[in-house]
Amino acid sequence: MKITPWVRLSLRSVALAYLFVLLVVPVSLIFWRSFEHGFGQFWDWITTPAAISALQLSLIIVAIVVPLNVVFGIATALALVRGKFPGKGFLQAVVDLPFAVSPVVVGVALILLWGHGGWFGGIESLGFRIIFGFPGLVLATIFVTLPFVVREVEPVLREIGTEQEQAAATLGANAWQTFYRITLPAIRWGLTYGVVLTIARSLGEYGAVTMVSSNFPGVSQTLTLLVHSRYTDDYNEFGAYAAATLLMFVAILVLIAMTFIEHRAKGRLAEASQSYTAAPGGSADTAESAASGGDNHPSGSTAVLAGATGGKEGV
C-alpha cells in the first residue's frame, strides 16, 4: 500500500498534536506553576521535612520492590516459558491480575488480609504493623508492579528458544552457569525495560497505597500522597505542583540512569567484540554474537558456552 505525502503528513500532524495536548501541555503547566514564584520558593516547598521524608520513603520502596520483582519476575517468566505443570494457565491469569484489578481494590484486599480482624491480622498483636505502616506500602507496590518484569522477559525467552541452554548442558555447564552466561545476557534488554516500568509505576502509584497508608508525614506518606495532601487537605496548590515536579525530576533521573547503564553495557559488548576479533581465528560476526550472548549464532554460542564451562579453545 502506497501512502501519499499528504496522508503521511496528516498522520504525523495528528500524532504530534495528540501528544502535545495530552503530554506536553499538562507537564509544561505544572512546571510553570511550580516556578511561578521563583526557584527559591520552589526550593522551600521541596525541602520541607514532609517533602524530604516523602521522597526518602518513595525511594526506599523502589529499592525494595525492584530487586524483588526482578528475582521473582525472572523466575516466574522461566517457569511459564520453560516449565510444564498443572495450573500454568491459572498462573498466567494471576500475573495479569494487577492489570485488570483497580489499585483501590488491591488496597481493600490487603486491608482484609492484613488489617485488624483479617486473615493475617493477628501479626499486629506481635507489634508488627502492616496496614497503615511501611510494610503495607511495600506490599501494595509489589502487587501493582508484579507483571512488568514477567511480561517483558517472557516473550524474549520464547524468542531465544532452548537450543543454547541445551548446548550448555551438553558442554558440562551447571544451571547457574547456563543462566548467567546464556540466559541472562539474552534477556537483558527486556529485563531493563521491565525494571524501568517497575520504577516508574512504583514512584507514581497512588490508588493502592492511599488505601493502606495512614498518610502521616515521615511514617507512610509517599510523594504521590504528599501531592494529594497538599492539594486537597492543605489547599496549597503551588506546594502540590512543586512536589509533582520533584516526582517528575526523580523519574527523569531514573530514565537517564537507565540510559547510561544501557550505553555502558553496549560499550562493554563492543570492547568484547573487538578483543574477540583480535584473537586467533576470531571473526567480526562471531565476535558480535559472542559478545551479545551468542543469540542465534552457532559460533557465538560455542564461544560463550566454552567460556562458561572453562572449555578449551578447540571446543
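General observations
- Taken together, the criteria exclude Leu16 from residues that are open to solvent by 60 Å² or more (accessible area, probe 1.4 Å), farther than 29 Å from Ile142 by Cα and either modelled with pLDDT under 90 or among the small types (Gly, Ala, Ser) (or both).
- Among the residues of segment 116-127, those that are assigned to a loop (DSSP other than H, G, I, E, B) and open to solvent by 50 Å² or more (accessible area, probe 1.4 Å) comprise His116, Gly117, Trp119, Phe120, Gly127.
- Counting only helices (runs of 4 or more DSSP H) wholly contained in segment 35-111, the ones carrying 2 or more residues that are in contact with an Asp or Glu (Cβ under 8 Å, 6 or more places away or on another chain) and of a type outside the set (Asp, Glu) occupy 49-82.
- Selection of segment 39-59 for residues being in contact (Cβ under 8 Å) with a residue 40 or more places away in the chain and not polar (S, T, N, Q) yields Phe42, Trp45, Ile46, Pro49, Ala50, Ala51, Ala54, Leu55, Leu57, Leu59.
- Residues of segment 232-245 satisfying the condition of being among the acidic types (Asp, Glu) and in a loop (DSSP other than H, G, I, E, B): Asp234
- Sole exception among (1) touching a Lys or Arg at 6+ places or on another chain (Cβ under 8 Å); (2) modelled with pLDDT under 90 for Gly121, by number: (1)
- Number of the condition not met by Val315 [criteria: (1) at pLDDT 50 or above; (2) not in a helix (DSSP H, G or I)]: (1)
The values are calculated or read from the model by the stated rules, or taken from the named source; none is laboratory data. Not measured: the values here are computed from a predicted model. No Cβ is skipped: glycine too gets one built from the backbone with ideal geometry, and neighbour counts run over all protein chains shown. Each accessible area value is taken on the protein alone, full model and side chains, heavy atoms only, with ligands, DNA and RNA left out. Shrake-Rupley method; radii C 1.70, N 1.55, O 1.52, S 1.80 Å.
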